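Engineer: If you scroll down you'll find the structure; I have some questions about it.
The values are calculated or read from the model by the stated rules, or taken from the named source; none is laboratory data. Nothing here was measured: the structure is a model prediction, and the numbers come from that model. Cβ coordinates were reconstructed from backbone atoms using ideal geometry, including for glycine residues, and neighbour counts include every protein chain displayed. Ligands, DNA and RNA are stripped out before the accessible areas are found, and what is left, the full protein with its side chains, is counted by its heavy atoms. Shrake-Rupley method; radii C 1.70, N 1.55, O 1.52, S 1.80 Å.
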Amino acid sequence: KSTLLNALLGQNRVLTGPTPGLTRDAISVPWKWKNRSLQIVDTAGIRKKVVGLDHLAVQDAIAAMKVADVGVLVLDAEAGLLQKQELSIADSILKEGRCLVVVANKMDLMVDREYSRSDFCHQVREQLEERFPMLRKTPVVAVSSLTGKGVKDLLPIVFDARDRWSQTI
């Protein structure tokens with residue numbers, strides 16, 4: 001998630017590395033994109049069975065989700081489809097009444113696999129819809145935060161999802 005934030009901003013704003021759990025505190029970054037103000041919050045990963053400081057980091061991430069307009073669920077594409085923990089996070093976003101956008105990160109590592117970026121996104125969307133029928137047509141964006149491929153596609157999709165979510169019928 002931190003690498004994705006740096007790729008969006010075009011600068012090394014937050015610390016990144018190969019070690020999971022590097023981000024401990026939610027880092028809020030105010031930013032303007034195409035004359036639209038937004039607040040991007042990079043949170044610690046929400047993992048099960050956390051104790052001590054990790055528990056506080058997860059509580060921080062959950063608190064950020066409760067005030068967000070859009071929850072961006074970042075998947076590790078290399079891990080395959082949605083894992084049980086990621087489905088639980090999607091459920092939490094849904095229960096909070098927030099809009100959901102799914103980002104499949106690390107797509108650069110999937111080059112040798114037999115399916116394309118769009119196939120992967122379609123499979124993730126199907127898995128979401130099977131578990132949560134109300135999340136039909138949830139946007140799934142395939143990116144590589146490291147190479148920057150697909151990152152420019154994310155914010156238009158996030159703003160479109162937010163605009164649809166806030167629409168009064």
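Engineer: Tell me yes or no: at least one residue of the range 120-132 is part of a loop (DSSP other than H, G, I, E, B) and either under 12 Å from the mean Cα position of the chain (by Cα) or farther than 19 Å from residue 41 by Cα (or both).
Structural biologist: Yes, the conditions are met somewhere in the range 120-132.
Engineer: Go through (1) among the aliphatic types (A, V, I, L, M); (2) in contact with a Pro (Cβ under 8 Å, 6 or more places away or on another chain); (3) assigned to a loop (DSSP other than H, G, I, E, B) one by one and return the number of the condition residue 102 breaks.
Structural biologist: Here residue 102 clears every test but (3).
Quick grid of which residues meet (1) over 21 Å from residue 26 (Cβ atoms); (2) modelled with pLDDT of 85 or more; (3) surrounded by 15 or more Cβ atoms within 10 Å (Cβ to Cβ):
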{"position": "70", "(1), (2), (3)": "no, yes, yes"}
{"position": "110", "(1), (2), (3)": "yes, no, yes"}
{"position": "136", "(1), (2), (3)": "yes, yes, no"}
{"position": "158", "(1), (2), (3)": "no, yes, yes"}
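Engineer: Of the residues in the range 138-156, how many are open to solvent by less than 90 Å² (accessible area, probe 1.4 Å) and either farther than 13 Å from residue 99 by Cα or of a type in the set (A, V, I, L, M) (or both)?
Structural biologist: 13
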